[in-house]
1. Obtain the nm distance between the two label points defined at Arg101 and Leu133 by a simple spin-label model: each point lies 7 Å from its Cα along the Cα-to-C-beta direction.
2. Using 0.36 nm per residue of separation minus the Cα-Cα distance, give me the extension gain between Phe87 and Leu40 in nm, one decimal.
3. So what's the projected area for the range 41-188, the Cα convex hull averaged over all directions, in nm²?
4. Rounded if a/c is under 1.5, else prolate if a/b beats b/c, else oblate: with a ≥ b ≥ c from the C-alpha gyration tensor eigenvalues square-rooted, which is the range 1-83?
5. Full extension from Thr150 to Leu63: what is 0.36 nm times the residue separation minus their Cα-Cα distance, to one decimal in nm?
6. How big is the dipole moment of the range 9-194 about its Cα centre under a simple scheme where the beta carbon of each Lys and Arg is +1, that of each Asp and Glu is -1, and everything else is neutral? Debye, nearest 20, please.
7. Using the charge dipole of the range 9-194 (Lys, Arg: +1 at Cβ; Asp, Glu: -1 at Cβ; taken about the Cα centre), state which of Thr14, Cys37, Ala97 has its Cα farthest towards the positive end.
8. Once you put a point 7 Å from the Cα of Arg173 and another 7 Å from the Cα of Leu143, both along the Cβ direction, what distance in nm separates them?
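Nothing in this text is a laboratory measurement; each read-out follows from the coordinates by a stated rule. Since we're looking at a predicted model, the values are computed, not measured. For neighbour counting, all protein chains shown are included, and Cβ atoms are generated from backbone atoms with ideal geometry for every residue, glycine included.
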Amino acid sequence: MRPPVDGTRLARFTRAERWVHRCTAGLVLLCVATAACLYLPQLAVLVGRRRLVTTVHEWAGLLLPVPLLLGLGSRALRRDLGRLNRFAPYDREWLRAVLWRGYHRPAGKFNAGQKLYAGWIAGAVVVMLGSGLLMWFTGLAPLAWRTGATFVHDWLALAVGVVVLGHLWMAMRDPEARRGMRTGSVDRRWAAREHPHWQPAEGAEPTGEEPADDVEPTGEQPTGDAEPTAAEPTGGQPVEGDGPAGDGQPSRSRSSR
């Protein structure tokens, strides 16, 4: 059940963002699980059906970018991708605090660790997809290329598995972060403590749009067309300020003359 967004909770993720995360996470876990069944002899013997496991692994890898590509239709998702792609000065403070085990870890909507993880996993998916295609379609490249692609694919798959397990471990340590991804809203006190530089829209619903917390002002000035103009008489009713300056009395409209 979705918790209400009231005085104690803030909207954090839209429904589109949550579904993109769920589908991507499911495909990544499926790739990791099938890869383990293909490369670990104990699991390979236990599961069997190697050809079926290989097919599932290949198609899960091909479909991995699809949820994100479909989710780009969401303005909130595009805005959050922009946040993930930019480092602010307080992100360096967060990294220094983690390195030296400090308690003051300032962050915007996403902390520096989440930004690094998102960038790394996005790059890893591109490399894994390219090397996997060279392994799948053997006619695309010569043998030397396919051998190199196999080496890169295998070792990068191991690194992805380790990093994903670390991501899951961090998520298990923060119930409120998991609740935010599951329901779309988080506790205000948690947001103020973990993401003090995040400025969400007040009163926003979990499925609404949120303004970026790091948008700079454009510096545009109002144009001359925005200057107020004198009131025009309408409807034959008396209007203020149409008479001589300083008399303070309403004048008659032209329609009554």
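1. Label at Arg101, label at Leu133, 4.6 nm between them.
2. Details: separation 47, 0.36 × 47 = 16.92 nm, distance 3.88 nm.
Gain in length upon complete extension: 13.0 nm.
3. Working: hull surface 50.2 nm².
Projected over every direction and averaged, the Cα hull of the range 41-188 covers 12.6 nm².
4. Details: a/c = 3.99, a/b = 2.25, b/c = 1.77.
Note, shape of the range 1-83 comes out prolate.
5. Details: separation 87, 0.36 × 87 = 31.32 nm, distance 1.98 nm.
Full extension from Thr150 to Leu63 adds 29.3 nm.
6. On the way: 27 positive and 10 negative charges, 166 e Å.
That gives the range 9-194 a dipole magnitude of about 800 debye.
7. Of Thr14, Cys37, Ala97, it is Thr14.
8. 4.8 nm
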